[in-house]
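Reading through the structure tokens given below for one structure.
The values are calculated or read from the model by the stated rules, or taken from the named source; none is laboratory data. Quick caveat: nothing in here was measured; it's all calculated off a predicted structure. Positions of Cβ are backbone-derived with ideal geometry, glycine not excepted, and every protein chain shown enters the neighbour counts. Side chains are part of the model used for accessible areas, which takes the heavy atoms of the whole protein and leaves out ligands, DNA and RNA. Shrake-Rupley method; radii C 1.70, N 1.55, O 1.52, S 1.80 Å.
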Amino acid sequence: MNAHELRDKTPDELRDQLVQLKKEAFNLRFQAATGQMENTARMRQVRRDAARVKTVLNQKAAQAAAE
């Protein structure tokens, strides 16, 4: 996922995606705690994807406030 793909989405779609990423992050933390995690790099990807979604949401909010 990159920022260009996210900018094309609506704020509602971004919020839904953020919820999905947070759920996935929770599940990954749970897997890590129980020693069942197969792909440890996925935690980093999910965390960064969530940050990207939040950044784009904030940019859209700032742009809407400026207009």
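Some notes on this structure:
- The modelled label-to-label distance for the pair LYS54/ALA25, using points 7 Å beyond Cα in the direction of Cβ, is 0.6 nm.
- Helical runs assigned H by DSSP (4 residues or longer) give the chain a calculated mean residue ellipticity at 222 nm of -28000 deg cm²/dmol, each run adding -39500 (n - 2.57) before division by the residue total.
- Each peptide in 28-37, 47-56 receives the mean, over its residues, of other Cβ atoms within 10 Å, and ordering these scores from highest gives 47-56, 28-37.
- Averaged per residue, the chain has 77 square angstrom of accessible surface, using a 1.4 angstrom probe with ligands and nucleic acids left out.
- Semi-axes of the equivalent ellipsoid for the range 3-66, Cα gyration tensor, largest first, Å: 28, 10, 9
- Accessible carbon and sulfur surface of the chain relative to its total accessible area, %, 1.4 Å: 49
- For the chain, the longest principal axis of the C-alpha atoms and the axis of helix 11-34 are separated by about 20°.
- Rounded to 10°, Cα long-axis angle of helix 41-66 versus longest principal axis of the chain: 20
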